[in-house]
Amino acid sequence: MPTLLLHIAPLHNPERYRLLADALTTLTVQCLRKRREVTAVVINDLPQARWHIGGVPAERPTALLEISITAGTNSDAEKAAFIAAVYAELQRQLGGSAGLAPASYVIVRELPATDWGYDGRTQRERHRAHPPAPQPTPLPA
């Protein structure tokens, strides 16, 4: 049940938001092994004049993506692959000919299973109610 919060500047159109949400959801499924049907994407857009880098208004498109996931559910390599893939996708969709401003970020936040929930129950409660299925034991060769 990951949640993704994407902040972008400048403003775009609704079709761009749909394409971004779909691409970010797909990368979350592919890189982090999360379920598509519980992945939420929220896109906040800002006029370029409201985004500052180094104390001055940004001159190029900018992005900040923050994803929240349950702590311990992904390896460092999976998170690194996600960050690289998402940045490349944001660059492709938003960067244009000038590319994204270098001070564009992708942040993975890991939250304890007791500190967030879905459908009114913490992740810990949900996992206790539905433990993962045991993996089959391989047969000796």
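Coordinate-derived values only; no laboratory data. Predicted model, so just to flag it, every value in this text is computed and none were measured. Cβ coordinates were reconstructed from backbone atoms using ideal geometry, including for glycine residues, and neighbour counts include every protein chain displayed.
Of the residues that sit in the range 46-78 and are among the charged types (D, E, K, R) and either in contact with a strand residue (DSSP E or B) (Cβ under 7 Å, 6 or more places away or on another chain) or under 23 Å from TYR17 (Cα atoms) (or both), which one is surrounded by the most Cβ atoms within 10 Å (Cβ to Cβ)? Of everything passing the filter in the range 46-78, ARG60 is surrounded by the most Cβ atoms within 10 Å (Cβ to Cβ).
Among the residues of the range 41-83, the ones that are of a type in the set (A, V, I, L, M, F, W, C), in contact with a Leu (Cβ under 7 Å, 6 or more places away or on another chain) and farther than 14 Å from ALA101 by Cα come to 7 in all. Residues in the range 1-38 that are part of a helix (DSSP H, G or I), β-branched (Val, Ile, Thr) and surrounded by 14 or more Cβ atoms within 10 Å (Cβ to Cβ): THR25, THR26, THR28, VAL29.
Looking across the range 79-121, the residues that are part of a helix (DSSP H, G or I), surrounded by fewer than 15 Cβ atoms within 10 Å (Cβ to Cβ) and not charged (D, E, K, R) come down to ALA80, ALA84, ALA88. Would it be correct to say that GLU15 is in contact with a helix residue (DSSP H, G or I) (Cβ under 9 Å, 6 or more places away or on another chain) and either farther than 19 Å from VAL106 by Cβ or among the aliphatic types (A, V, I, L, M) (or both)? So GLU15 does not fit the description; no. Taking residues in the range 15-26 that are at positive phi, and partners anywhere that are of a type in the set (Val, Ile, Thr) and buried (at least 17 other Cβ atoms within 10 Å of the Cβ), not one pair has Cβ atoms closer than 8 Å while being at least 6 places apart or on different chains.
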